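Before any comments, here is the structure.
The values are calculated or read from the model by the stated rules, or taken from the named source; none is laboratory data. Bear in mind that the values here come from a model prediction, so they are computed numbers and not experimental data. No Cβ is skipped: glycine too gets one built from the backbone with ideal geometry, and neighbour counts run over all protein chains shown. Heads up: the accessible areas ignore ligands, DNA and RNA and are worked out on the full protein's heavy atoms, side chains in. Shrake-Rupley method; radii C 1.70, N 1.55, O 1.52, S 1.80 Å.
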Amino acid sequence: MPSDRHLRDEELMLLIDGEVSAAVSAAWLAHLRDCSSCRLHHQALTSALRHFLDGYQDSVTPSPPPEAALLRRRMAVQAHPSRRSIYMVPAAALFLLLAAGLWWGLPSRSFAGALPDSRLTPGYARALSKAEVCGITADDDTRAVPVELARRVFREYRIDRPRPRAYEMDYLISPALGGADDVRNLWPQPYNEGVWNSRVKDALEDHLREQVCDGSLELARVQSELARDWIAAYKSHFHTGEPLAAHRRFVKDLPWE
Amino acid sequence: MSSDAWQLVSSLLNRTSSGAPGLTIEDEVTLLYRELHASLLRYLASLGLPAAEAEDIVQETFLHLFEHLRRQKPRHNLRGWLFRVARNLGRKRAALLRRSPIDAVDDPASLRCHSTTDPEEMAAWNRRQAHLANVVQALPERDRSCLLLRAEGLRYREIAEALDISLGTVASSLARSLGKLDTVNRS
Ligand SMILES: [Zn+2]
């Protein structure tokens, strides 16, 4: 049964893109057969769409590759936020701790920061082969630092009463790259402070681990780069002077819907 | 992508009930991320976001999906839902960037040069592409988004969900824009 009126533009679009039921489509097509005015309109829209789609296809440039490893890591942290970040203190408390440190006359290198004090935290790795390191699962990788060990690290850094939410107890050489649960391999990193925070370091570690496991980098070399200066390692591996936007921001706020 | 993986992805996108058997939510999210990554980057570029920011927003979008699936929220029209989340996050980010314009130096996606060796053909092609790009750029944001999402292969119900408009509005927006492009093609 052909439609007894002219088809509107949006109806022609629905027809062209197959967005209507078979019955409606048949009725409209029957109208097109009988109505040259609608037919012309239909043809014009069809060819404009084809031209546009062709032009669009031609204009598409290759996209950068997806960063699936980074996404998986972020999902792991989102699913178990407490597994890695244990000790965090408010910014004000952090400031007080630093002020107290100054008063005690500690050398500034002792303060918790983006880079550890190399005397307290030189970095320490377990004797693992590449195969063993690459067999480490996400669960091992995101395990929490034992509380007693964390307390020892805070003592070493002369941080008396770390309150929740200002620090992340971070491995200098990450467990996923063979780093040990050892006081020599841990330091309190300010959480989310400054651009060189633990999020950025996580991204570097993911990247390095991929390279180690696909054979493009030596495990020992990666471990020593992390131990020496992870920020310098980041800059050289990502060819940038500052953290990439994708690594810098780390969403932890409640999901928006 | 292999045809098996493709089937899996399309079944995830068109599924209305629970997840795929044998897949963790992380696996599902990763599959969809890989599948829609490029499309979402192009869509965000069309909203004026620099490439580095766009990748970050795509990641955030899929972290929202991860949370959405973990809470067993509805799965119908996931593709539309993902573009909608990306659009909201993208607009927020774009507003932030406008407040600190130093960061916003990147040029949003522009049209690529045609890979032909004939200079005359190339010049004609470039003229037409530039013309096309001008018309598309001049469209209101909603019309431009409809057109782009259609070109990315979204169905009308997905575009409607992404842009929070009715299906009829999608159809009339596309007709209006194509009418303008048709005039360009004829001239
Ligand atoms: Zn008619």
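Would you point out the residue of the stretch B:25-41, among those that are in contact with a helix residue (DSSP H, G or I) (Cβ under 9 Å, 6 or more places away or on another chain) and more than 7 Å from every other protein chain (Cβ to nearest Cβ), that is surrounded by the most Cβ atoms within 10 Å (Cβ to Cβ)? Can you show your working first?
Of the residues in the stretch B:25-41, the ones in contact with a helix residue (DSSP H, G or I) (Cβ under 9 Å, 6 or more places away or on another chain) are B:25-26, B:28-37, B:39-41.
Filter once more, keeping what is more than 7 Å from every other protein chain (Cβ to nearest Cβ): B:25, B:28, B:31-32, B:35-36, B:39-40.
Numbers: B:I25: 18, B:E28: 21, B:L31: 19, B:L32: 21, B:E35: 20, B:L36: 24, B:S39: 22, B:L40: 26.
Top of the filtered list is B:L40.
Look through A:D58, A:D54 and report the one residue that is open to solvent by 50 Å² or more (accessible area, probe 1.4 Å), under 30 Å from B:D56 (Cα atoms), in contact with a His (Cβ under 7 Å, 6 or more places away or on another chain) and outside the structural domain of A:V200 (by TED's automatic domain parsing). Steps first, please.
Working: A:D54 fails: in contact with a His (Cβ under 7 Å, 6 or more places away or on another chain).
Just a single option satisfies the conditions, and that option is A:D58.
Near the ligand (Cβ under 9 Å from one of its atoms), of a type in the set (A, V, I, L, M, F, W, C) and within 11 Å of chain B (Cβ to nearest Cβ): does that describe A:L7?
Details: near the ligand (Cβ under 9 Å from one of its atoms): yes; of a type in the set (A, V, I, L, M, F, W, C): yes; within 11 Å of chain B (Cβ to nearest Cβ): yes.
For A:L7, the condition - near the ligand (Cβ under 9 Å from one of its atoms), of a type in the set (A, V, I, L, M, F, W, C) and within 11 Å of chain B (Cβ to nearest Cβ) - is met.
Select from the stretch A:130-148 the residues that are in contact with a helix residue (DSSP H, G or I) (Cβ under 8 Å, 6 or more places away or on another chain) and modelled with pLDDT of 80 or more and list them in ascending order.
Hits for the stretch A:130-148 are A:K130, A:V133, A:C134.
Name the single residue that is nearest to the ligand (Cβ to nearest atom) among those in the stretch A:10-65 being more than 44 Å from the chain's Cα centre (by Cα) and among the polar types (S, T, N, Q).
A:S37
With the condition kept exactly as written, say whether any residue in the stretch A:66-84 is away from chain B (no Cβ under 14 Å), open to solvent by 50 Å² or more (accessible area, probe 1.4 Å) and at pLDDT below 90. Explain how you work it out, then say what you get.
Step one: filter the stretch A:66-84 for residues away from chain B (no Cβ under 14 Å), giving A:82-84.
Checking which are open to solvent by 50 Å² or more (accessible area, probe 1.4 Å) leaves us with A:82-83.
With at pLDDT below 90 added as a condition, the list becomes A:82-83.
Looking for residues that are away from chain B (no Cβ under 14 Å), open to solvent by 50 Å² or more (accessible area, probe 1.4 Å) and at pLDDT below 90, one finds at least one in the stretch A:66-84, hence yes.
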